[in-house]
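Working notes, structure below.
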Amino acid sequence: ALVDRSLLQRTSTGHYALHELLRQYAAEKLGASEEKTRAAHDRHAAYYAAAIQRWAQDLKGDRDRVAQIEIEAEFEDVRAAWEWALERGEVGWLDQAQEGLFLFCWYRRRFADGEAMNGAAAAALETQEAGSPACAGTLRVLSKLLAAQSWFWGETFDRPGARELAQRSVALLERDELVDQDVRFERAFAWLVQVRSLGRIHGATVDLDYAEASELWKRSRALFQALGERLWMGRSLNVWGIVSAYIYGDWVGAKDRLEQALAICRTLRNDFGAEGARMELAGVVGHLGQFEEAVRLYRQLLAMRQDGSEADIAGAFLGIG
């Protein structure tokens, strides 16, 4: 009906577009009622929290490429919903959206967005937690936010800062308020990020020996396995493959772990996970002197990345070279 009245236009992607002047007029009318404004924002935030929770499952499976495109088209709505959830202190909406937001920002290399959004939410929840009795749900979500912030911080800022955030995430889960809570995913994620942060410290002292780091990784992977989180099992193998090779020099063991990671992602038909595992595996076998195998892997990677970013394609060409 609104299209027939020329108030909305249907785009080629199936979305509806509203002229900016009409949007401003509608916003002004809505703004006349604080209650209606809040209700509209609440419905919007609830819708996108549920939507990105569904997209998270696609990002972990064989629809990962399609889901990325779909989220990209609506990312500003996702961001607005996230910011409103923060303003309203709606921890439940943040919890719903957190994994999907993390995966999308990681897959699309939107590290600055991922760090900023998770960091802002973590800061808000830390302020909330400091001003009132500790809530188990808030602590659990805060741990995930800090771990995600650590992941992106290591990509965008200083590496020791990522390590400190990971340690804070792990420490939160030891709080008495969480004793009776199911925080298996949060523990697995926090431990994995802690291990990953070892691989992001250049020129700094690594404060865990190989046996300690290996045990931390094994505990993380075991929890992901118990939860049936197959993509995260593959990612944990990928992370430990990188860290065990480049930090501890276990190149042969790293090759085996990365081959397992690649096998899992291929079974899931998850392109992003397979690309990451293949990229790291190519680097490891090249270090082991298996150059023909490395070139073969880089050529496979190039074939997969033809519709990827210029940086992805260039990385594959560099590997072949």
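The values are calculated or read from the model by the stated rules, or taken from the named source; none is laboratory data. None of these values were measured; they are calculated from a predicted model. Here the Cβ positions follow ideal geometry from the backbone for every residue, glycine too, while neighbour counts run over all protein chains shown. The area values use the complete protein model at the heavy-atom level, side chains included, leaving out ligands, DNA and RNA. Shrake-Rupley method; radii C 1.70, N 1.55, O 1.52, S 1.80 Å.
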Label corresponding to Rg/Rh (Cα atoms, Kirkwood Rh) when calculated from the structure given, among (i) 0.95; (ii) 1.02; (iii) 1.04: (ii)
Residue with peak Gaussian network fluctuation, the chain [Cα springs, cutoff 10 Å], from Arg23, Arg54, Arg175: Arg23
The chain: calculated mean residue ellipticity at 222 nm from DSSP helix runs of at least 4, using -39500 (n - 2.57): -25500 deg cm²/dmol
GNM flexibility winner over the chain from Gly286, Gly241, Gly276 (Cα, springs under 10 Å): Gly286
Spin-label proximity, Phe157 to region 99-118 - amide N less than 16 Å from point 7 Å beyond Cα toward beta carbon: 111-118
About the Cα centre, charge dipole magnitude for the chain (Lys/Arg +1, Asp/Glu -1 at Cβ), debye: 680 debye
Region 117-182 shape via C-alpha gyration tensor axes, a/c threshold 1.5: prolate
Solvent-accessible area per residue for the chain (1.4 angstrom probe, square angstrom): 49 Å²
Region 19-86 versus region 259-303: alpha-carbon centroid distance in Å: 36 Å
Sequence ranges 76-84, 112-120, 142-150, 232-240, ranked by mean other-Cβ count within 10 angstrom, highest first: 142-150, 232-240, 112-120, 76-84
Tilt relative to the chain, helix 64-73 - C-alpha long axis, 0 to 90 degrees, to 10: 40 degrees
Percent carbon-and-sulfur accessible area, the chain, ignoring ligands, DNA and RNA, probe 1.4 Å: 52 percent
FRET E, pair Thr267, Ala211, Förster distance 25 Å, beta-carbon r, rounded to 0.05: 0.25
Gaussian network model of the chain, springs between alpha carbon atoms under 10 Å - residue of Gln260, Gln225, Gln24 with greatest fluctuation: Gln24
